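Input: a single structure, listed below in structure tokens.
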Amino acid sequence: TAQRPAPEVQYLDPRSLLIDSNIREDLQLDPDFVASIAELGVLVPIVAVRLADGGIRVRFGNRRTAATVKATRPTVPVVVVADEATDKASEIERIVSQYAENTRRAGLTLSEEVGVVSALFDLGMSAAKIARRTKMPRPRIEAAKTVAGSNLAPTGMAVHGLDIEQAAALAESEGDPGARDVVPRLVESAPQGPRRFDHE
């Protein structure tokens, strides 16, 4: 049996890459994503295959490729994993793999997001710098900082499903003399929606 060539990392002009057929109909190139690519580049290399004529076709990373072009970065890291196969079995594999890549990807939990903000503050970054580097809204950063300094708020997120802003409000009530009465009402009202929570 023929041995598959070892994957190789290349830094290529994103405009030279061929975009593969993809199950994602809308690449969703929101401004924050493009701005992040412009500032930091592509952090997870694009996965591609080599065509018989030497061209490189993107297999995973169409969105990152398009964002790099829009951000006018000159190169993007690409892992070329194999020569392109065009048979029916390979096409089935492409579709199933793209489905798995896009649906099995998990975002950060709220607790992990709070941890990111807390760690950046601990490293001496200001809220303004954190907002600039992470593209996280400033009020959310301040709320996450409040949650990180609380004993009660993280439990409110983990156990009672509060979002970061609600958990921050809970943290602000923590030192209040009447907190024993307020906290249960806040927790109970959270599932009823923002209006009910804000009212409480």
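The values are calculated or read from the model by the stated rules, or taken from the named source; none is laboratory data. Please read all numbers here as calculations on a predicted model, not as lab measurements. Positions of Cβ are generated from backbone atoms using ideal geometry, with glycine treated the same way; all protein chains shown enter the neighbour counts. These area figures cover heavy atoms from the full protein model, side chains too; ligands, DNA and RNA do not enter into them. Shrake-Rupley method; radii C 1.70, N 1.55, O 1.52, S 1.80 Å.
Summary table below
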quantity: Top-ranked residue of segment 31-57 - restricted to ones that are open to solvent by 40 Å² or more (accessible area, probe 1.4 Å) and in a loop (DSSP other than H, G, I, E, B), ranked as modelled with the highest pLDDT; calculated: Pro45
quantity: Some residue of segment 105-127 being at pLDDT below 90, surrounded by 18 or more Cβ atoms within 10 Å (Cβ to Cβ) and not in a helix (DSSP H, G or I); calculated: no
quantity: Tabulated pairs, segment 14-30, first open to solvent by 50 Å² or more (accessible area, probe 1.4 Å), second at pLDDT 65 or above and not in a helix (DSSP H, G or I), C-beta under 6 angstrom, 6+ apart or interchain; calculated: Leu18/Gly55; Leu18/Arg57; Ile19/Val58
quantity: Count of segment 130-139 residues which are under 19 Å from Leu43 (Cβ atoms) and open to solvent by 50 Å² or more (accessible area, probe 1.4 Å); calculated: 4
